[in-house]
Amino acid sequence: MSEQIYLTSLDDSLRYRVIAQRTLSQETVSVTINVTLLVSANQTNQVALQRLVRDALTHFIPNSEWIFSTLYRDANAVVGYEQVSITASARIPSSQNYNLRERARLASREGLTLSQPNVNYNLPVSQVNRVVHELRGEIVASVLRETEDFDRQTGRKWRIGDIEFGIGGRNEEHTAKGAYRSTGYEDILDPDGEGLSGAERISLVAEVCLRADRAESTQQTFGAAS
């Protein structure tokens, strides 16, 4: 019995990189602030405590949706009292990001202190994920257009072999979906606002491999006898 095994050469391939970018205005920023209350050790009404905190936060930055961390209670030096500590966070308009330490001091009251406001300028994760999804679509559409150009230029039929998203890049912050984020590289003027707002650039790099049948396929034949 004789078997014929044919080894056909691999497809020709064409590799290149594509980058898609989007620059977004930072219309909002994330703010966190420490809240400390001095309460009676017998105070167990959590709803009432949260109401006090929310009232102070409304005076600090109005019209914001605040989220609270776990509430911690510790004994205080004053007999019969405990110290309650909460970290509150909210996403606020960039126009409200000013003089936060003084505004926190003015919003504080006897027995309740707002302190150490901190600002995170990164765009919301949901917005970044949406943009990365759109950038992937842009890259695929670009590759399909370029494939048609390569067909005309070479007289051969090319197809997408594979696309690897999120490769290489500079020392910038990565997203969970393989894109790169860079902030603070420029300020842009918001035409509908009252001043400057920051910008963040989202970049997605892809390695593209196009494949086409070899112009002249070579094949080797091996015979086996039994």
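State whether the residues of segment 67-80 include one that is modelled with pLDDT of 90 or more and crowded, with 17+ Cβ neighbours inside 10 Å.
no
Going through segment 107-125 one residue at a time, which ones are more than 30 Å from S40 (Cβ to Cβ) and open to solvent by 90 Å² or more (accessible area, probe 1.4 Å)?
Keep residues of segment 107-125 that are more than 30 Å from S40 (Cβ to Cβ), which gives 119-125.
Of everything in segment 107-125, those that are more than 30 Å from S40 (Cβ to Cβ) and open to solvent by 90 Å² or more (accessible area, probe 1.4 Å) turn out to be Y121, V125.
Select the strands (runs of 3 or more DSSP E) contained entirely in segment 8-116, then report the ones holding at least 1 residues which are within 29 Å of the chain's Cα centre (by Cα). Before you say what the answer is, go through the steps one by one.
Values: elements: 12-25, 28-40, 72-75, 81-93.
Answer list for segment 8-116: 12-25, 28-40, 81-93.
Any idea which residue in segment 81-99 is surrounded by the most Cβ atoms within 10 Å (Cβ to Cβ), counting only those that are more than 13 Å from T36 (Cβ to Cβ) and hydrophobic (A, V, I, L, M, F, W, C)? If you could, list the steps in order and put the result at the bottom.
To start, the set of residues in segment 81-99 that are more than 13 Å from T36 (Cβ to Cβ) comprises 89-99.
Checking which are hydrophobic (A, V, I, L, M, F, W, C) leaves us with 90, 92.
On the way: A90: 19, I92: 21.
Here the answer is I92.
The values are calculated or read from the model by the stated rules, or taken from the named source; none is laboratory data. On a predicted model such as this, the values are computed, not experimentally measured, just so you know. Heads up, the Cβs are rebuilt from the backbone with ideal geometry, glycines too, and the neighbour counts pull from every protein chain shown. These area figures cover heavy atoms from the full protein model, side chains too; ligands, DNA and RNA do not enter into them. Shrake-Rupley method; radii C 1.70, N 1.55, O 1.52, S 1.80 Å.
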